[in-house]
Each structure stands twice: as structure tokens, then as C-alpha cells.
1. What accessible area per residue comes out for the protein assembly as shown, rounded to a whole number of Å², with a 1.4 Å probe?
2. Would you mind computing, in nm to one decimal, how far apart the modelled labels at A:Lys3 and B:Val26 are, each placed 7 Å from Cα along Cα→Cβ?
3. What does the convex hull of the Cα atoms of segment B:88-131 come to per residue, in Å³, rounded to a whole number?
4. Work out the mean other chain Cβ neighbour count within 10 Å for the residues of B:78-90 and drop it here as an integer.
5. Using amide H atoms built 1.01 Å from N in the peptide plane, name the residues 5+ places from B:Asn59, or on other chains, whose amide H lies under 5 Å from its own.
6. Excluding residues fewer than 8 places away in the same chain, name every one of the lysines whose C-alpha is closer than 20 Å to that of A:Lys150.
7. Using only the heavy atoms of the protein chains and a 1.4 Å probe, how would B:His69, A:His80 rank by accessible area, largest first?
8. In angstroms, what radius of gyration and Dmax does segment B:39-94 have, counting Cα atoms only?
Amino acid sequence: MQKTLIFSCLAFVLVLGQGCVFNRTVANEQVRNLDTSFIRPGQTTAIEVLNRLGPPPPLPDIIDQQNKYFTDDFVRYACHETRRTEFRLTQILFLPFLWSDTQAIYETMITFDNKGVVKEVIKTQRKTIRPPFKNESSRPPLVCKQTTAKGTK
Amino acid sequence: MHIKTFFTVICLSALLMNSGCLWTRVKVNDIEQTTKAREVKPNVTTSKELLKIMGQPPNSVIVLKNGRHVYVYNSSDTKTKGLNLLVLIISKTNSRSDSTYFLINNTGIVESVTSSQNGQLPWEWWAFGDN
């Protein structure tokens, strides 16, 4: 009787095989702490920004397209994070139960005027949540810092 | 008796096959593009010569004002490490993309070259917390 129970438990575990999956993906963490203190709005040029900070990194998947990172008007550096929770019951149900949240957790956007000179520097910080254990109300407020020729706010 | 032993071996084998550590790595494009980009001389190299030096067309082209454009070469490296515990998998993926930008003026000459610095990408498995 006891052996039957053990075998049943083992079989159950095998059937449920790979039940819960928790994954976190961080893309382009190197732009997390970009030093933009050398930028003087109204003076620094786009070329100087690119030479100092390097070109903005694209993302390896389809989250964003390259042309959203650099134009005549702006350059955008973004570090993305995804938190994914999945319940796989692949032997019973082929439909996965999957929740995920992707955010640009650290973002630096530098805008340029018509002459290619820096107009403003905007730094934004967001947090991801882990659904279904957390919902939108658990998300901390967005932090945004804007620097222009007139100062920082 | 033989059937039970056989069943036990099958179950244990399946359990062992279902658990363990996982490592995956994905590289996209030539990470050595930065080295090749050093051969490009700003204000001298033409866009045609640039293609020969890089050995491939750009991954994308950004069109700017006044007939200028940017040739973009990208590469990326992705590392995933995880712990696979039968009914629980915890994993973390770190990904890093690098680019090289060639700004080409309206006469087809490379005006400037900028590359991102290639850095180390850590192997990590813990999927929780903020670090």
C-alpha cells in the first residue's frame, strides 16, 4: 500500500514536471548608471553625446525597433526588465498559464534642437512587478528627472 | 518483482532527467565589429569602402536630415542560468547589445564612428529582487 502511494506520488510529480517557472530578464544593464553630468543643455552637441556615451544599444528582441533610439531629435538609452511567472502543466494541458511584465526600468532620453545641440536630458526610473503575485497597484510610482538649460526638476 | 524494479528505475531516471542546472548562451552577429571599425578613418573612408571593411551591409540605416544617414551594426550576447528543481524552475537571463554607428554625410564620406564598449555579462540565476 505504501509503495503504491510512493509510486503514485512519483508519477504525479512526473506528470506535473516543470510546474512553476520564475524568470527575470535584464537587457542592457550597462546603461543603468549612465553618467550624463558632462552634458550642458544649450552647449553640448549630439556628436559629443554619442562619442562620450556611445551609441544607444538596441534590444535583442522585438520590444523596440532601432529607429526609436536615435534620430535628429533625440537619443534614447534604455535598460529593460521582464519578470515572468509561468505554470506549466504540459502533460495535462497544452495551454500555458503565463504572466509577464516588461518595463524600461532605466531610461535616459536626450533631446536635441534643430542645430543638434542638447535641449534637455530626461531620466526615468520604473519598477517591474511579478504577476500574478503582484498587480498594478503594487507598482511603485515612476521617478522622472528632467534637466534643461534652466535647471533640474 | 521485475516489473516493479523496472518501474522504479524508469521513475528515478525520469526524475534525474527532469532536474538540474541550466546554462544557455546566445550570440548574435560578430562581436568583433568594434575591432573592424577601428580601420575606418573619419573624413576619409567612403560608404562603399566601409562595406568592404565591415564585410557585410549594416543591420539598419537611420536616415537623418540634410542627406546624412547612420549605418548601424549591432551584436548581442545573452546568458541564461537557472536551477531546475523538478516542479520549480528559477532562472535569470542577462542580455547585452552593442552597436557601432557610422555617421555618413551627404557626399558619402564617413564623418564619425562611435562604438559602445564591450563589457562583461554575468551568469546569474536568482530571479527575484532588484539586483
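1. Working: 16230 Å² over 284 residues.
Spelled out: the 1.4 Å probe surface of the protein assembly as shown, per residue, equals 57 Å².
2. So the label points at A:Lys3 and B:Val26 sit 4.7 nm apart.
3. Numbers: hull volume 4.7 nm³, N = 44.
Hull volume over Cα atoms, normalised by residue count, gives 106 Å³.
4. Values: counts 4, 0, 2, 0, 3, 1, 2, 3, 6, 11, 5, 8, 5.
For this peptide, the per-residue mean of nearby foreign Cβ atoms is 4.
5. B:Val72, B:Tyr73, B:Asn74
6. A:Lys115, A:Lys119, A:Lys123
7. Details: B:His69 50, A:His80 15 Å².
The ordering from most to least exposed comes out as B:His69, A:His80.
8. Looking at segment B:39-94, its Cα Rg and Dmax stand at 20.2, 60 Å.
The values are calculated or read from the model by the stated rules, or taken from the named source; none is laboratory data. Because the structure is predicted, anything quoted here is derived from the model rather than measured. Glycine gets a Cβ as well: all are built from the backbone with ideal geometry, and neighbour counts include every protein chain shown. To get the accessible areas, we keep the full protein, side chains included, count just its heavy atoms, and leave off ligands, DNA and RNA. Shrake-Rupley method; radii C 1.70, N 1.55, O 1.52, S 1.80 Å.
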